[in-house]
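Report on one structure; see the data block that follows.
The values are calculated or read from the model by the stated rules, or taken from the named source; none is laboratory data. Given the structure is predicted, the values throughout are model-derived calculations rather than measurements. A quick note on method: Cβ atoms are made from the backbone with ideal geometry, for glycine too, and the neighbour counts reach across all protein chains shown. Keep in mind that these areas ignore ligands, DNA and RNA; they rest on the heavy atoms of the full protein, side chains included. Shrake-Rupley method; radii C 1.70, N 1.55, O 1.52, S 1.80 Å.
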Amino acid sequence: MRASQLNRTLDFIRDALREASIIWWRFVDWLALVEWRQLGIIWILAIVAMAPFNTPEPAVWFVFISFGVKVLAGGKHKAEVEARQAGVKVNVANLEKQLAQAQMAALQAQVEPHFLFNTLALIGQLIETDPPEAARVHAHLIDYLRATLPQLRARGGGTLGKQAEMAKAYLAIMQARMKERLQVKFIVPVFLESAPFPPMMLQSLIENAIKHGLEPKIAGGTITVRAQVFDATLQVDVCDDGIGIRLHAPDGVGLANIRERLQLLYGSAAELVMETPATGGCCASIRLPYSMMEDL
């Protein structure tokens, strides 16, 4: 019985010492970071609080102990605390970056299979109705994959030139399908081809223009891709002279995907703008910070 009581007593003492140690180091952490002005105000309040009891000793001991700890160990401990906090912030930033990259990969994965499935279905139809045309679309698809796959798997995003190359291969397939109903214009200056530009966004805008602007129009129309720089902003436009859009209609999957990816990559520094030109049709613009060359 006595041994059991002794063990409980020892356990209580160990727990009390452990809690006291935790409280002490929290107190030291606080002293290391608190400003002298705030500490002085706390000293005055402590002395004033003890005055009515005629026992100023606790307040005086608190002043001496806190002053000594802050002078002797405050600087070193403050540096340790700040280094620890900085390490936590770095870890959080790395986790946020990894999360953003995972979200980016998931969003991009929504886009990649869409066009391939449609093109393979088109080739399957043409094999039965027009074998030579099926062979041409097949050749265009190979060109498209050669331009696309290295960029989708490459580290560090893409450039406007690479995305334009991929978009041209895509449009060649669409022209094989739509014939004379689809005309294409590219106005991308050579000096902008090395500018960083997120993968698949340009193609998504072109797909959207064809699907909602030109395909419903019996006569078809023209897709114009234009790139310009205004101050420090790169603006890439995809315009069509199709049937137009309802500006206040909710975004479809493709446009919502682009907005989410721009937010992840650039925050409020980038945007997707949809406009209706005076001549009709629709003009979609991606505007983002301009850099002269791809970040490696």
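Filter segment 203-224 down to the residues that are of a type in the set (S, T, N, Q) and crowded, with 22+ Cβ neighbours inside 10 Å and list them by number. Don't jump to the end; show me each part of the working.
First pass over segment 203-224, keeping only residues of a type in the set (S, T, N, Q): 203-204, 208, 222, 224.
Of everything in segment 203-224, those that are of a type in the set (S, T, N, Q) and crowded, with 22+ Cβ neighbours inside 10 Å turn out to be GLN203, SER204, ASN208.
Applying the criterion of being in contact (Cβ under 8 Å) with a residue 40 or more places away in the chain and basic (Lys, Arg) to the residues of segment 176-192, the residue that is most open to solvent (accessible area, probe 1.4 Å) is LYS185. Whether any residue in segment 193-202 is closer than 16 Å to SER285 by Cα, part of a helix (DSSP H, G or I) and either open to solvent by less than 50 Å² (accessible area, probe 1.4 Å) or touching a strand residue (DSSP E or B) at 6+ places or on another chain (Cβ under 9 Å) (or both) is what I want to check. Yes, that holds for at least one residue.
On the given criteria, is ALA209 part of a helix (DSSP H, G or I), modelled with pLDDT of 90 or more and of a type in the set (A, V, I, L, M, F, W, C)? Spelling it out, ALA209 is indeed part of a helix (DSSP H, G or I), modelled with pLDDT of 90 or more and of a type in the set (A, V, I, L, M, F, W, C).
Collect the residues in segment 208-226 that are farther than 15 Å from PHE186 by Cα and more than 23 Å from the chain's Cα centre (by Cα), keeping them in residue-number order.
The answer is ILE210, LYS211, HIS212, GLY213, LEU214, GLU215, PRO216, LYS217, ILE218, ALA219, GLY220.
ILE258 meets the conditions (1) part of a helix (DSSP H, G or I); (2) in contact with a His (Cβ under 9 Å, 6 or more places away or on another chain) in every case but one. The failed one is (2).
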